[in-house]
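Enquirer: Below are the structure tokens for one structure; questions will follow.
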Amino acid sequence: MNIAGRVPALLRQGPFRRYWVGQSVSLVGDQISLLALPLAAVIILHADAAEMGWLATAQLLPALLFSLVAGSWVDRRANRRRIMIVSDLARAGLIASLPLAYAFDLLSLTQLYLTAFAVGSLTVLFDVCNATLFVVLVPSTRYVEANALINGSRSLAYVAGPSAGGLLVQMLAAPLALVADAFTYLLSARCLTRIDPVEPPPSAPAKGHFTAGLRWIMRSPVMRATFAASSTIQFFNFMFHTLFVLYVTSELGLGAGLLGIVLAVGAAGGLVGAAIAGRVTRRLGIGRSAVLGYTLFSAPLLLVPLADGPTPVVLGLLFLAELGSCVGAMIADVSVSSLHAALIPDALRARVTGAYRTLTHGVRPLGALTAGALGTAIGLRPTLWIGTAGALLCLLWVLPSPVPHIRELPTPEAEAEFEAEAEAKAVAGSAAPAGARGERGAGGGAEAESETGGGPGTEAGPGTKARPGTKVGPGNWTGAEAGGEPEVTTEAMAPPEGEGLPRQKGRPEARPGAR
């Protein structure tokens, strides 16, 4: 049996393989810290509920405070990979300071708070850089495959990380288990030093640089819809997860062992979702896969507040809920991450990522606070019904948008179709001469906007609309090819931005490891 032939093509390429190894090991380390850090607070420092709340806030707050600033700053830097290496080394030092302080009996809650906040801030910086590094390491035709590999590692980390963390905490003191996480950051930094891809040039200083990413999201129908859907899910999902453990243990009467099995089943579902995501997107198209992922992520969790009765029945419902939800989460993550990677212009990538994280991650603490207030006022089960049913509202954002009609990964060169149609209709209602309207334009001004003929196999210029079956960009079909659904030109989804031009057409596709 040819084992090498079964290895995914991307993992046979040295630069991506080293990048993936670093990411995978770091994800396992993060899961170890996720368990060891709060255990250190509870077991060693005897933290109460309020102090644990402050620790969780310290971890979540940097995403809200610094994502937008980090994205703006990173887009003006020439070497994002170097920033990622420095972030890894700094996080390793911060995490290593905790077991060191414990060894000298100097560990305090204040140090835990400050470390959690600092590590969270450096993680924000790392992540906004990572969005740019990903697209220069991976050819655009392999975005789905690459995201499936990374999300598969994330699911595996959810299985292996807590187990390894629990074993380390049992064998050592909780703070000493954090040494393993510090080591994973060092290994991630080492992997990054062994790749040297060609990065896009830094963006030039311009008016509105700081808010360009946010404005770009708001002007792009696809980004606007996926942002709103993700924010909706984040808010209600954090309502759900804030009370999940308490509900399962207090109202359903399950012990820690059974709860661990339930969570392990969910992690296994994540592995399944990552494994099938590529086939799902090829079968359904990238847009429908995103909608399916959003639906599966949210709908199965309705079984959790529904769970009642004998323990086998309760366990069966929880298994189905966790399994289905985690499969959906991976399909959504792979398809939406690939869609964003293809759509966002290089010059705006870090700023858009920062703005996106600010908006979607910023609702997490709000969801947690809402869950606490409602859980106290109306009870755990009614609050879980709100948290699970509310997450399905994400579909109200994506279903009316262009997202369900995108079959192939789009390109970022043309402006949003919805904006073009709205503008064209407005112009059509004006006193412009009929002859000024182009054949394919929905209204006046379309012909003036189009630089090409818009024929088969050519790009549709801003304001133009492809005929049914017309190919718009590489591999992207609309109209008849999409099963006779409403025409959506998949290139016409991202508005051009003065300070965020698309990739230069003269620049060749970045190959992994290219200097």
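Enquirer: Within segment 40-54, is there a residue that is open to solvent by less than 30 Å² (accessible area, probe 1.4 Å), in a helix (DSSP H, G or I), in contact (Cβ under 8 Å) with a residue 12 or more places away in the chain and not small (Gly, Ala, Ser)?
Expert: no
Enquirer: Looking only at residues that are of a type in the set (Ser, Thr, Tyr) and open to solvent by 50 Å² or more (accessible area, probe 1.4 Å) in segment 242-270, which one is nearest to GLY387 (Cα to Cα)?
Expert: THR242
Enquirer: A further question follows. Any chance you could count how many residues in segment 74-84 are buried (at least 19 other Cβ atoms within 10 Å of the Cβ) and of a type outside the set (Asp, Glu)?
Expert: 5
Enquirer: Then there's this: Exactly one of (1) among the hydrophobic types (A, V, I, L, M, F, W, C); (2) in a helix (DSSP H, G or I); (3) touching a residue at least 40 places away in the same chain (Cβ under 8 Å) is unmet by VAL86. Its number?
Expert: Result: VAL86 fails condition (3) only.
Enquirer: Could you identify the single residue in LEU65, LEU89, LEU109 that is closer than 30 Å to PHE235 by Cα, surrounded by fewer than 19 Cβ atoms within 10 Å (Cβ to Cβ) and touching a Leu at 6+ places or on another chain (Cβ under 8 Å)?
Expert: Answer to the check: LEU109.
Table: residues versus (1) closer than 24 Å to TYR185 by Cβ; (2) at pLDDT 85 or above.
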residue	(1), (2)
ARG6	no, no
PRO15	yes, yes
GLN23	yes, yes
ALA41	yes, no
ALA47	no, no
GLU51	no, no
LEU61	yes, no
PHE66	yes, yes
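Enquirer: So, in segment 95-131, exactly how many residues are within 19 Å of LEU359 (Cα to Cα) and touching a residue at least 40 places away in the same chain (Cβ under 8 Å)?
Expert: 12
Enquirer: Considering segment 73-112 alone, what residues qualify as being within 28 Å of the chain's Cα centre (by Cα), of a type in the set (D, E, K, R) and within 28 Å of TRP54 (Cβ to Cβ)?
Expert: Hits for segment 73-112 are ASP88, ARG91.
Enquirer: Can we say ALA229 is farther than 30 Å from SER298 by Cα and at pLDDT 75 or above?
Expert: no
Enquirer: Now for a separate question. Between a first residue in segment 309-320 that is without any contact (Cβ under 8 Å) to a residue 24 or more places away in the chain and a second residue that is open to solvent by 30 Å² or more (accessible area, probe 1.4 Å) and part of a helix (DSSP H, G or I), which pairs have beta carbons less than 6 Å apart while being 6 or more apart in sequence or on different chains?
Expert: Taking only residues 6 or more apart or on different chains, the pairs are LEU317/LEU303; LEU320/LEU303.
Enquirer: Could you check, for segment 54-62, whether at least one of its residues is over 29 Å from VAL169 (Cβ atoms) and not aliphatic (A, V, I, L, M)?
Expert: Checked against the condition, which is being over 29 Å from VAL169 (Cβ atoms) and not aliphatic (A, V, I, L, M), segment 54-62 yields no hits at all.
Enquirer: Please determine whether any residue of segment 271-278 is more than 15 Å from TYR247 (Cβ to Cβ), open to solvent by 40 Å² or more (accessible area, probe 1.4 Å) and of a type outside the set (Val, Ile, Thr).
Expert: Checking segment 271-278: at least one residue is more than 15 Å from TYR247 (Cβ to Cβ), open to solvent by 40 Å² or more (accessible area, probe 1.4 Å) and of a type outside the set (Val, Ile, Thr).
Enquirer: For segment 112-130, what are the residues that are farther than 26 Å from ASP75 by Cβ, open to solvent by 30 Å² or more (accessible area, probe 1.4 Å) and hydroxyl-bearing (Ser, Thr, Tyr)?
Expert: TYR113
Enquirer: Go through (1) in a loop (DSSP other than H, G, I, E, B); (2) surrounded by 20 or more Cβ atoms within 10 Å (Cβ to Cβ); (3) in contact with a Gly (Cβ under 8 Å, 6 or more places away or on another chain) for MET239 and report which single condition fails.
Expert: (1)
Enquirer: Checking ALA212 against (1) modelled with pLDDT of 90 or more; (2) buried (at least 21 other Cβ atoms within 10 Å of the Cβ); (3) among the aliphatic types (A, V, I, L, M): exactly one of these is not met. Which one?
Expert: That leaves (1) as the condition not met.
Enquirer: Which of the residues spanning segment 313-323 are open to solvent by 20 Å² or more (accessible area, probe 1.4 Å) and under 20 Å from the mean Cα position of the chain (by Cα)?
Expert: Within segment 313-323, LEU323 is the sole residue that qualifies.
Enquirer: Out of LEU339, LEU284, which single residue is surrounded by fewer than 21 Cβ atoms within 10 Å (Cβ to Cβ) and within 20 Å of PRO400 (Cβ to Cβ)?
Expert: LEU284
Enquirer: Restricting attention to helices (runs of 4 or more DSSP H) lying wholly within segment 246-358, give those where 3 or more residues are more than 23 Å from THR232 (Cβ to Cβ).
Expert: 256-284, 311-343
Results for (1) modelled with pLDDT of 85 or more; (2) open to solvent by less than 30 Å² (accessible area, probe 1.4 Å); (3) more than 14 Å from the chain's Cα centre (by Cα), shown as yes or no for each residue.
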site: THR132; (1), (2), (3): no, yes, no
site: TYR143; (1), (2), (3): no, yes, no
site: GLY152; (1), (2), (3): no, yes, no
site: LEU168; (1), (2), (3): no, no, yes
site: LEU178; (1), (2), (3): yes, yes, yes
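Enquirer: Here are some conditions: (1) under 22 Å from GLY152 (Cβ atoms); (2) under 19 Å from the mean Cα position of the chain (by Cα). ARG224 meets all but one. Which one does it not meet?
Expert: ARG224 satisfies all of (1) under 22 Å from GLY152 (Cβ atoms); (2) under 19 Å from the mean Cα position of the chain (by Cα) except (1).
The values are calculated or read from the model by the stated rules, or taken from the named source; none is laboratory data. What you see is a predicted model; the values in this text were computed from it and never measured. Methodologically, a virtual Cβ is constructed for each residue, glycine included, from the backbone with ideal geometry; neighbour enumeration extends over all protein chains shown. Just the protein is used for accessible areas: all its heavy atoms, side chains included, with ligands, DNA and RNA removed. Shrake-Rupley method; radii C 1.70, N 1.55, O 1.52, S 1.80 Å.
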